[in-house]
Amino acid sequence: MTATDQLPWADPADWKSRAVCHGKLHLFFAKKSERPEARARREAKAKRLCDVCPVMDECRQYARDNRLYGFWGGESEEARHRAGYTLNAPIGVRPTEDGESVAS
Ligand code: SF4
């Protein structure tokens, strides 16, 4: 059992209740017009939380399956896109004329 399993809101049947990012959503979703440097800093902080989160695998798969925006399971939108879980309009990724995608 980890320390996070003992959190008051933890429900073993619900992986979201064992997340270590409760109250820190500002690290996982971009503000409007966020600059690339700020995004990199924000996502680095988010990743540090994900790296110690007991439900990272469940979280990552949930975001992949639901094509979610934001930073989930240690993975950015761009990383999910590269893994084959494409968003309709991923932030920071633009299509090229040959149908490939590149980070912008
Ligand atoms: S893996 Fe990251 S985004 Fe997912 S629940 Fe844990 S801390 Fe939150």
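How many residues are of a type outside the set (A, V, I, L, M) and in contact (Cβ under 8 Å) with a residue 24 or more places away in the chain when one looks only at the range 43-61?
Qualifying residue count, the range 43-61: 7.
I'm trying to understand the selection: among the residues of the range 35-50, which are within 8 Å of the ligand (Cβ to nearest atom) and out of contact with any Phe, Trp or Tyr (no Cβ under 8 Å at 6 or more places or on another chain)?
Within the range 35-50, just LEU49 meets the criteria.
Going residue by residue through the range 72-94, is there one that turns out to be under 23 Å from LYS31 (Cβ atoms), at pLDDT below 90 and in a strand (DSSP E or B)?
Scanning the range 72-94 turns up at least one residue that is under 23 Å from LYS31 (Cβ atoms), at pLDDT below 90 and in a strand (DSSP E or B).
Among ALA46, ALA3, ALA38, which is among the small types (Gly, Ala, Ser), over 14 Å from the mean Cα position of the chain (by Cα) and at pLDDT 65 or above?
Exactly one residue qualifies, and that residue is ALA38.
The values are calculated or read from the model by the stated rules, or taken from the named source; none is laboratory data. Just so it is clear, the model here is predicted, and its values are computed rather than measured. Cβ coordinates were reconstructed from backbone atoms using ideal geometry, including for glycine residues, and neighbour counts include every protein chain displayed.
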